[in-house]
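Data first, discussion second: the structure below is written as structure tokens.
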Amino acid sequence: MAVYPATDITEIKKILEHVVDPEIPVLTIADLGILRKVEWEGEQLLVTITPTYSGCPAMKMIEEEIYSKLKQEGYENVVVKSVLSPAWTTDWLSPEGRNKLEEYGIAPPLHASADKKILLGTNKHVRCPRCKSENTEMKSQFGSTACKALYVCRDCKEPFDYFKCL
């Protein structure tokens, strides 16, 4: 069995930057901030990830893609560990990830932490990713996935998902 030097960690992270979220394929696990750690434990490569929320159905596919990408590059002895603490937050989205979301047609989270305005019955002004208007309205707290809400732009009349602050 081959022994890999610790200096491979940078190269391994570059490989893992090509693993995408199956629900939002323009985002990588690095963009999302769910790739927490890559380290050697003896001859075993340990990749630690955090789900965007507990029970996220995409995590199994992401794990399989991590194994597949690393195996293609010759890394056989790999363990993917999913940790729930600290809990993922939209604060971990990279600036590039936020830009990619908007270009893809999903409004990125507005603030750096969970927005509790919904509890007060106050609408937030989410910018339409298509026409950039803030004249928008939430139609449903739930969009195409549990981490998104459904909005409609009052100006261009187009529906769009908003990636909720978590």
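The values are calculated or read from the model by the stated rules, or taken from the named source; none is laboratory data. Just so it is clear, the model here is predicted, and its values are computed rather than measured. Backbone-built Cβ (ideal geometry, glycine too); neighbour counts: all protein chains shown.
List the number of the failed condition for Ser68; all other conditions in (1) at pLDDT 95 or above; (2) buried (at least 17 other Cβ atoms within 10 Å of the Cβ) hold.
Going through (1) at pLDDT 95 or above; (2) buried (at least 17 other Cβ atoms within 10 Å of the Cβ) one by one, Ser68 breaks only (2).
Considering only helices (runs of 4 or more DSSP H) fully contained in the range 29-119, which possess at least 3 residues that are under 11 Å from the mean Cα position of the chain (by Cα) and not assigned by TED's automatic domain parsing to the domain that holds Thr145?
29-32, 58-72
Determine whether Leu35 is in contact (Cβ under 8 Å) with a residue 24 or more places away in the chain, farther than 20 Å from Pro129 by Cβ and surrounded by 14 or more Cβ atoms within 10 Å (Cβ to Cβ).
So Leu35 fails the test.
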